[in-house]
Amino acid sequence: MKIILVSAVALIDPDGRVLLAQRPEGKSLAGLWEFPGGKVEPGESPEAALIRELGEELGIDTWASCLAPLTFASHAYPEFHLLMPLFACRKWEGIVRGAEGQNLAWVRPDRLRDYPMPPADIPLISILRDWL
């Protein structure tokens, strides 16, 4: 089975809320909420992929030194196996916006389960909630 490496982030605002992005129509798992991020390209580190994706998807800049490795997800989907490191980030420049038209929500850690998420993201909720 093919392994797909995706890098994700828990952006945490000064009030301790976490950013979720809703997968847009036309993509797999459309309508579900997820931690922002994206696929790691060949030759790219997970941190570099996340910095690139945050610029493309949310219009913000951050740095590898601001990405703290928190945990990871390993989940078998029917077509591939997803390996997804989750980083925590509290520092960035710019105003978070859905640059690709996706809906965004700042969510308190104890409310993350109120948002339907892809199967790979669900186990990350309790780890993130306990950490925050």
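Sum -39500 (n - 2.57) across every DSSP H segment of at least 4 residues in the chain, then divide by the residue count to get the 222 nm mean residue ellipticity, nearest 500.
-5500 deg cm²/dmol
Where q = 0.13 Å⁻¹, what log10 of I(q)/I(0) comes from the Debye formula for the chain, counting one point per Cα?
-0.49
Could you pull out every residue, at least 5 positions away or on a different chain, whose amide H is within less than 5 Å of the one on residue 72? Hs are placed 1.01 Å off N in the peptide plane, and Pro or chain starts have none.
Under 5 Å from the amide H of residue 72: 86.
What lysines does residue 2 reach when the alpha-carbon gap must be under 26 Å and sequence neighbours fewer than 8 apart in one chain are set aside?
27, 39
About its Cα centre, what dipole magnitude does the chain give when the only charges are +1 on Lys and Arg Cβ and -1 on Asp and Glu Cβ, stated in debye to the nearest 20?
Dipole magnitude for the chain comes out near 280 debye.
Within segment 72-126, list the chymotrypsin sites (Phe, Trp or Tyr not before Pro) lying in a DSSP loop whose Cβ has at most 14 other Cβ atoms in a 10 Å radius.
Passing both the DSSP loop test and the Cβ count: 80.
Taking the dipole about the Cα centre of the chain, with the C-beta of Lys and Arg at +1 and of Asp and Glu at -1, give me whichever of 86, 105, 126 is farthest to the positive side.
The one lying farthest along the dipole's positive direction is 126.
Using the charge dipole of segment 3-131 (Lys, Arg: +1 at Cβ; Asp, Glu: -1 at Cβ; taken about the Cα centre), state which of 4, 42, 20 has its Cα farthest towards the positive end.
Final value for the positive-end residue is 20.
HN-Hα J couplings of segment 114-127 from phi, Karplus 6.51/-1.76/1.60, θ = phi - 60°, integer Hz, Gly and Pro as x?
Values per residue, Gly and Pro as x: 6, 10, x, 10, x, x, 5, 7, 4, x, 6, 4, 5, 5 Hz.
Normalising by the residue count of the chain, find the relative contact order in percent from Cα pairs under 8 Å and 6+ residues apart.
Averaging sequence separation for qualifying contacts and normalising by length gives 32 percent for the chain.
FYI, it's all coordinate maths here, none of it is from the lab. Predicted model, so just to flag it, every value in this text is computed and none were measured. Glycine also receives a Cβ, built like all others from the backbone with ideal geometry; neighbour counts cover every protein chain displayed.
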